[in-house]
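S.K.: What follows is a structure written as structure tokens; I'll ask about it next.
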Amino acid sequence: MKRRQRLAAIVAGAATAVAAALSAGLMLSPTAGAQEDPVTAQAQALWTNPNTGAARWVSQNPNDSRAAMIRDRIAETPAGTWFTQYNPTGGIAAQVAAVVDGAAAAGAAPTMVVYGIPNRDCGGHSGGGAPDHASYRGWIDQIANEIDGPAYIVIEPDVLAQDCHNSSQRAEINASLAYAAQKLNAADPAAKVYLDAGNSAWLTAAEAGRRLQAAGIQYADGFALNVSNYRTTDEATAYAQQIRGIVGSDKGVVIDTSRNGNGPLNPPNPNDWCDPPGRAIGKFPTTSTGVAGIDAYLWVKLPGEADGCAGSAGQFIPDLAYQLANNAGSGWPGQVEPTDPPTTPTTGPTSPTANPTTGGPGGSCTVHIDVVSTWNGGWQGKVSMTAAQAVNGWTVKWTWPSGQSVTSSWNATLTTSGANVTAKDVGWNASVAAGQTKELFGFVASGSPADMDVPC
């Protein structure tokens, strides 16, 4: 039954319907704000799902020191609802109807992610999907039957860019993607459908364009980029325009800005895509992009839900959410350059000055550990060096004064042994000029915050 036939019931009980259906087992991933054609059209609200992992956590932990930041910057920001289960409790139709109805009652458009292709994620962290392609197409039919009104629909993140399939498997995948694009696009003229094309660090524009054409881009409104990734909006935009030159300038693009505020981890390492440290939320979701061909900046991935390293894929991690939100700086949702450090003032108590030791470079220098932010049971710190003489290559060592422990770090090779910590440069950040004060690296730690100033 389509939305217009049940609208009166929706208005009376939308919140209850959403909570009941979503509790059946949606994997919520990257979440009302203004949206419009980037140049001329009227803005339209994007829907904020009230039942995301972030929203539930905030509701359950109102007195946690991290709750306000997570609520204001993540839980109250519109982002995607992911449909990941082939046969969830209550059925896939009920899950989709709950989202469509909830958005309609709010006068907004939902961001929806269809993620159920067989052998999803090549059996990786987010593996699963329908048992076969015939079943998948039937699953798509059920979703399409519930689409009614405006929506932004992203089809199958990563599948086009992955290379774990042989030629016959790829042909079957392409046929299913084309089927999904046609079926979902025909569900309602107000719904917009985008085939995911990975990100600018994965495929060349020429290869992305070729794969989109093979997968039925002609049946979609356009393609999605940077889903669950960290490439900057400027980089993704330039890449998008290259692809549009191949697949057609009539195809629009949506860019996932949920976690790209600081760009990708630099230098890259094996976990540059999997819950990398030091990242930040990006542009607020909107279709008022001001860029021709870019239909919207969306939060497709929900910040705070793990990629599979900080926790199981889709698990909400409050520390991860807090770091992403806090790292965006005090000016968010304004533009935050990828190289800007977090600017939120230090809050909370600090421990008395301690006397850790350092095995750093020779010459006169000072190493200081600053507390960037704190929350219940943990804190974020940064390590800076002031050098009287030029330094080329550093090793910093210290001993925690009262049971602290590093849980993650970035821009350093860091090892621990009990309370002892050793951190070394990673090459690109090895030099500190004479007279310069330079931030060397950052970390997240458990225990009480420790503000420590140490001579070399």
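The values are calculated or read from the model by the stated rules, or taken from the named source; none is laboratory data. Just so you know, these numbers come straight off a predicted model, no measurement behind them. Cβ: placed from backbone, ideal geometry, glycine included. Neighbour counts: every protein chain shown. Heads up: the accessible areas ignore ligands, DNA and RNA and are worked out on the full protein's heavy atoms, side chains in. Shrake-Rupley method; radii C 1.70, N 1.55, O 1.52, S 1.80 Å.
S.K.: Going by the structure shown, is Ala54 at pLDDT 95 or above, touching a strand residue (DSSP E or B) at 6+ places or on another chain (Cβ under 8 Å) and either open to solvent by 20 Å² or more (accessible area, probe 1.4 Å) or assigned to a helix (DSSP H, G or I) (or both)?
M.R.: yes
S.K.: So for the range 260-277 (the condition being open to solvent by 50 Å² or more (accessible area, probe 1.4 Å), in a helix (DSSP H, G or I) and not basic (Lys, Arg)), does at least one residue qualify?
M.R.: Looking for residues that are open to solvent by 50 Å² or more (accessible area, probe 1.4 Å), in a helix (DSSP H, G or I) and not basic (Lys, Arg), one finds none in the range 260-277, hence no.
S.K.: Among Ala105, Ala97, which is crowded, with 20+ Cβ neighbours inside 10 Å, in contact with a helix residue (DSSP H, G or I) (Cβ under 8 Å, 6 or more places away or on another chain) and modelled with pLDDT under 95?
M.R.: Ala105
S.K.: Could you grab me the full set of residues in the range 81-105 that are in a loop (DSSP other than H, G, I, E, B) and touching a Pro at 6+ places or on another chain (Cβ under 9 Å)?
M.R.: Across the range 81-105, the qualifying residue is only Tyr86.
S.K.: Among the residues of the range 229-242, is there at least one that is in contact with a Lys or Arg (Cβ under 9 Å, 6 or more places away or on another chain) and over 25 Å from Asn327 (Cα atoms)?
M.R.: Yes, because at least one residue in the range 229-242 is in contact with a Lys or Arg (Cβ under 9 Å, 6 or more places away or on another chain) and over 25 Å from Asn327 (Cα atoms).
S.K.: Please enumerate the residues belonging to the range 78-91 that are surrounded by fewer than 24 Cβ atoms within 10 Å (Cβ to Cβ) and among the β-branched types (Val, Ile, Thr).
M.R.: Within the range 78-91, Thr84, Thr89 meet the criteria.
Yes or no, residue by residue, for (1) more than 19 Å from Leu440 (Cα to Cα); (2) open to solvent by 40 Å² or more (accessible area, probe 1.4 Å); (3) assigned to a loop (DSSP other than H, G, I, E, B); (4) modelled with pLDDT under 50:
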site	(1), (2), (3), (4)
Thr347	yes, yes, yes, yes
Pro356	no, no, yes, yes
Val383	no, no, no, no
Pro401	yes, yes, yes, no
Thr422	no, no, no, no
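S.K.: For Gly245, are the conditions met, namely being among the small types (Gly, Ala, Ser), open to solvent by 20 Å² or more (accessible area, probe 1.4 Å) and farther than 25 Å from Ser409 by Cβ?
M.R.: The answer is yes for Gly245.
S.K.: Might you let me know whether the range 84-104 holds any residue that is within 29 Å of Gly209 (Cβ to Cβ) and either in contact with a Ser or Thr (Cβ under 7 Å, 6 or more places away or on another chain) or aliphatic (A, V, I, L, M) (or both)?
M.R.: No, the range 84-104 has no match at all.
S.K.: Mind checking which residues of the range 60-77 are farther than 29 Å from Ala296 by Cβ, open to solvent by 30 Å² or more (accessible area, probe 1.4 Å) and part of a loop (DSSP other than H, G, I, E, B)?
M.R.: Within the range 60-77, Asn61, Pro62, Asn63, Ser65 meet the criteria.
S.K.: Cβ-Cβ under 8 Å, sequence separation 6+ or interchain: first residue in the range 188-200 and more than 19 Å from Ala238 (Cβ to Cβ), partner of a type in the set (Asp, Glu) and part of a strand (DSSP E or B). Which pairs?
M.R.: Lys192/Asp295
S.K.: A follow-up question, please. Collect the residues in the range 403-420 that are part of a strand (DSSP E or B) and under 15 Å from Leu265 (Cα atoms), keeping them in residue-number order.
M.R.: Result: Ser408, Ser409, Trp410, Thr413.
S.K.: Would you mind stating whether Asn145 is among the polar types (S, T, N, Q) and closer than 16 Å to Val113 by Cβ?
M.R.: no
S.K.: Do we have any residue at all in the range 429-438 that's open to solvent by 60 Å² or more (accessible area, probe 1.4 Å) and touching a Pro at 6+ places or on another chain (Cβ under 8 Å)?
M.R.: So far as the range 429-438 goes, no, none of its residues is open to solvent by 60 Å² or more (accessible area, probe 1.4 Å) and touching a Pro at 6+ places or on another chain (Cβ under 8 Å).
S.K.: Of all residues in the range 375-421, how many are charged (D, E, K, R) and closer than 29 Å to Ala67 by Cα?
M.R.: The total comes to 1.
S.K.: Report yes if some residue within the range 313-327 is within 23 Å of Lys438 (Cβ to Cβ) and either open to solvent by less than 20 Å² (accessible area, probe 1.4 Å) or at pLDDT below 85 (or both); otherwise report no.
M.R.: The answer is yes, given that some residue of the range 313-327 is within 23 Å of Lys438 (Cβ to Cβ) and either open to solvent by less than 20 Å² (accessible area, probe 1.4 Å) or at pLDDT below 85 (or both).
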